[in-house]
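Written below as structure tokens is the structure these notes are about.
The values are calculated or read from the model by the stated rules, or taken from the named source; none is laboratory data. Just so it is clear, the structure is predicted and the values come from calculations on it, not from any experiment. Cβ placement follows ideal geometry from the backbone for every residue including glycine, while neighbour counts extend to all protein chains displayed. SASA here: full protein model, heavy atoms, side chains in, ligands and nucleic acids out. Shrake-Rupley method; radii C 1.70, N 1.55, O 1.52, S 1.80 Å.
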Amino acid sequence: MSPHLRKKVVVVGHGMVGHRFVTAAIERGLTETHDIVVFGEEPRPAYDRVALTSFFEVGAEALSFLPSGVYEDPRVTLRTGTSVIEIDRAAQTVMLADGEEMAYDELVLATGAAPFVPPVPGAELGNVFVYRTIEDLEAIREAAKTAKSGAVIGGGLLGLEAANALHQLGVKTHVVELAPRLMAVQVDDAGGNTLKRHIEKLGLTVHTGVMTESIAPDSVAEISVVDEDESGVLDGKVSALKFKDVEEPLPIDMLVFSAGIRPRDALARAAGLDLAERGGVLVDEQCRSSDPHVWAVGECAAPGGRMYGLVAPGYDMAEVVADALLGGAGTFTGADMSTKLKLLGVDVASFGDAHGTTDECLELTYSDAVAGVYKKLVISEDGTRLLGGVLVGDASAYGLLRPMVASGIPLPENPEELILPQSTGGGGGIQLPPEAQICSCNNVTRGDIEAAVDNGCESAADVTKSTKAGSTCGSCKVQVKKIVEDYFTAQGKTVDTSLCEHFKMTRAELFDVVLIHGYKTFDQIIEAHGTGRGCDLCKPAVASILASQLNGHVLAKENRKLQDTNDAYLANLQKNGSYSVVPRIPGGEITPEGLIVIGEVAKEFGLYTKITGGQRIDMFGARMEDLPAIWKRLVDAGFESGHAYGKSLRTVKSCVGSTWCRYGVQDSVGLAIMLETRYRGLRSPHKLKGGVSGCARECAEARGKDFGVIATEKGWNLYVGGNGGAIPAHAQLLAGDLSTEELVSYLDRFLMYYVRTADRLQRTSTWIDSLDGGLDRVREVVVDDVLGLGTELEAAMAAHVDGYFDEWKATIEDPEKLKRFVSFVNAPDIPDPNISFGSTRGQIVPEVGEEPAAVGRSGARDNQTGPVSLGSSIPIGLPTLEETR
Amino acid sequence: MTETQTQPVTYIAVCRLDDIDPETGIAALVRGEAVAVFRTVDDRVFALSNFDPYGHASVLARGIVGTRGEVPFVASPLLKQPFSLETGECLDDPSVSVATYEVDVVDGEVRVGARR
């Protein structure tokens, strides 16, 4: 399509849903025909508002969905800090605050919602806040520095979130709720009371059933109102809350309104679009408004007249509109409002008809006031079907119960067992039908999960990777695991976690066995714990375990037989039997002299050179017998092994950082060199890669690495579990704003924990997924040190760092090790005739033979070209052993 | 040294047994052919063509040696196909095999004979 025929989509609002619309539009191909312009009112690109409270721990950058501020697709333009103030539907234009006009073919409203502030006198005082944006939280944090006590008006989901934030900021916190209970929308009275007890145990005070009549200013304010403020608006700061029918006011220093949200529909209203009765742009099932070229998604939209204040329905709407603009027929027909979350450390879940509004329904409750657990099931009149329920304090049964409601399967004989404490959430043999939706975030049914197993998934983690079940909110993970295990059992399959036929244990178990017994050789280990003589699976695994624990040379005589292809010769075997050689270039920093040496070596030995993805230089086509001479040249020039051949640290990629870059905020090169030098040579279950970016633009692509570090103004954010490769994964934030010392200590622990407990060939991303609790578990072990392993893991890493030596140097200095580096044991002077090369683009390329080259068949490779064609024939009259000795 | 297809071929000494670490292989040049000679943990020796029929490269001597059940084998260092040291047969696909050679140890010296 030629440029002038391209259409334009204007998106108003860059929150979570606006961002989702853009990514959906890019993924679905809408940008092939449409340019997209997004206007965001906030000063920064979309961020994770659901995780807003974690802003205090991790900072704004960690929450950002688009830290660079730019979409990779050049056909999308994002303009933050820009408000749209008017829509002219007849002209199909929008007007910006500065008067600029922009035409659209299609307009998508994603303006979200605004916090509802009830019309209470004093609401405009100082130190009164709402809880919606990062700027709101920054202001709250600032006020909390001097405030001793504070109140949150609103005891719903958002209110408790805000109360949690105040509490964590060290403010004595009151929760004020008009309704007679907390979380009035989701839970019933008894559930609300259980929740209240939990929260009060933490030291917060809960006031339910009270109406705030007015907000009193401090004494300074009263003076200023009289003397200075001509508008009549109260000045000064909040000092107390006055409740209706309560004598004593509640003294406070700060106040947060979190009493619900209202759709931001003012633009639509002014443009004459139809609105829903209770606010929000009225849209049809395709999220199209009363104007066919105007769409609305997320909290500003009211499909069928109903507004949805959760992000998942907003995401669904965004997908539906992207689909509709491409001519698709997808519809939004409502959302499952079931919720499971942890509020102030308490599990709370509600699903289906939580309040028992169905005619003649029955309720079944279990309550343990001591343990703080409350569970309620709402059951159909005839007692055969589950309609909904509430869980407080223990929501483990949610994963089973929610799909039971959705699928309508018959209740078991004794439904109380579903909520009695001995129930583990497994539901004692309840078989959900294949169509039962297990993961509501990603719409995955039991049938989908079992089909994934049929298609080769071998674990719950595999299933999560392949179907996304459990990958969003995680509330169904236990259920997914159980379905996978039950399915295996039903098929008579057991999940075999044995390393191979020789060791009936996992790599992690073997690691512990070796550590406990202090074994030094494979022979000791297989005699005591294995059968047979090992294989290409267990031998390299044992080699890696021994290397991690002993820090010895991988080519030490007793263990070199264990080494895999590449480790066995400290170089990477290539397809024609030659090797490639990669010297370490920490952080990608190299001097001109170093470059010249690499160039000279490559020229001298006739090697093909290529820059790798890890910011270093790979030299290909080395014959095995030439390796020691190549290393000697490199070692003499100050290089060492880059371990490109090992299941070990490869590189720590870096951008140029604050030293040169005008955007950089930290010295990323310096840190990358330090980390690469620290962890070089560390043998691990799989290769390891790191990255360090000097600012949030992330030029080092650190979040694509096993560990990625991104500079912030205050220090470093540490991300783990990233992966390029066949199954790409973005690294997740482990901890934010770390000092260099904290960073190194967490990384030491993380890497050692991985080295000790991962399966063979398990990258960090799948390892994290396989842990019960996933990334949270890693954080518990690494950051919170719940296992008390921190010191031990750091000591193990310190031993590695202290014991490091260059394997190449140690090899060329040891004649015994060098003996193996010959082409033929009885003809070391004759290069292997099977290794030959052609030429492409001025460099050598490997040639692969169809059958063994043999003496007397000279001419078989007459058609060779290129600079290096060794051994195309071998003279008849071979040296015998006697002659060569 | 004689070399014909029909007459018995003499054994050629290639190295000392001690030159091969137990459970490893080495490459030797025998009548112009690259031969992989392996030594198992019980000091038996085996000789296979060094050429990996899957990867089309002369590399088998560099593979990891182990056992599958009772069968000693070498895994190609290229793509890990297992070849029986006794028969040269690929243990995952009996239709593929590599040539084997007569081999023995006399007075501590490893000698490779005719291709079987």
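Okay, here's what the table says:
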item	result
Global form of chain B, assessed from the alpha-carbon gyration tensor, a/c cut-off 1.5	oblate
Packing rank of A:168-174, A:343-349, A:810-816, where each peptide gets the mean count of other beta carbons within 10 Å, highest leading	A:343-349, A:168-174, A:810-816
Bridge type composition, region A:615-763 - antiparallel percent by DSSP, nearest 5	60 percent
Relative contact order %, region A:431-495, counting alpha carbon pairs below 8 Å whose residues are six or more apart	29 percent
Of all DSSP beta bridges in chain A, antiparallel share, percent nearest 5	60 percent
Shielding score for A:532-543, defined as the mean number of other chain Cβ atoms within 10 Å	5
Within 10 Å of each Cβ in B:18-27, the average number of Cβ atoms from other chains	5
Ordering of A:802-808, A:826-832 by packing [mean C-beta count within 10 Å, highest first]	A:826-832, A:802-808
In Å², nearest 10: area of A:H167 left accessible to a 1.4 Å probe	60 Å²
Percent carbon-and-sulfur accessible area, region B:12-115, ignoring ligands, DNA and RNA, probe 1.4 Å	46 percent
Computed accessible area, A:S440, all protein chains, 1.4 angstrom probe, square angstrom	50 Å²
Peptide ranges A:50-56, A:255-261 listed from the most packed, as the mean C-beta count within 10 angstrom indicates	A:255-261, A:50-56
Under 12 Å from A:K809, Cα to Cα: aspartates and glutamates that are on another chain or at least 8 residues apart	A:D636, A:E640
Over region A:707-769: Rg over Rh, Cα atoms, Kirkwood Rh	1.00
Stretchable slack from A:I596 to A:F65, in nm (0.36 nm times residue separation minus alpha-carbon distance)	186.9 nm
Accessible surface, the protein assembly as shown, averaged per residue in Å² (probe 1.4 Å)	43 Å²
Compactness relative to 2.2 N^0.38 Å, alpha carbon Rg of region A:462-566	1.39
Set of aspartates and glutamates near A:K172 by C-alpha distance (under 16 Å), chain-local residues within fewer than 8 positions excluded	A:E142, A:E161, A:E200, A:D253
Rounded percent of accessible protein surface that carbon and sulfur make up, region A:431-495, 1.4 Å probe	48 percent
Estimated distance in nm for a label pair at A:D88 and B:E86, the labels positioned 7 Å out from Cα along Cα-to-Cβ	9.0 nm
Mean projection area, nm², convex hull over Cα of region A:649-718	4.2 nm²
Whole-Å semi-axes of the ellipsoid equivalent to region A:507-563 (Cα gyration tensor, √5λ, descending)	15, 14, 10
Chain B, relative contact order [Cα under 8 Å, separation at least 6], %	25 percent
Cα-derived Rg over Rh, computed across the protein assembly as shown with Rh taken as Kirkwood radius	1.05
Apportionment of accessible area to carbon and sulfur, region A:507-611, percent (1.4 Å)	55 percent
Long-range HN-HN contacts of A:V444 with modeled amide H, under 5 Å	A:I438, A:C439
Cβ-derived FRET efficiency at R0 25 Å, B:E109 paired with A:D829, nearest 0.05	0.75
Cβ charges +1 (Lys, Arg) and -1 (Asp, Glu), total dipole of the protein assembly as shown, debye	2060 debye
Average other protein chain Cβ within 10 Å of Cβ, residues A:818-824	4
Those GluC sites (Glu not before Pro) in region A:39-86 that DSSP places in a loop and that have at most 16 other beta carbons within 10 Å	A:E72
Chain A - percent relative contact order, Cα under 8 Å, separation 6 or more	7 percent
Residue (of A:G126, A:A568, A:S338) at the positive-pole extreme of the protein assembly as shown, dipole from beta-carbon charges	A:A568
Interface A:B - total buried accessible surface [probe 1.4 Å, Å², rounded to 100]	3300 Å²
Per-pair calculated FRET efficiency, R0 = 45 Å: A:N443 and A:R662 via Cβ, rounded to 0.05	0.50
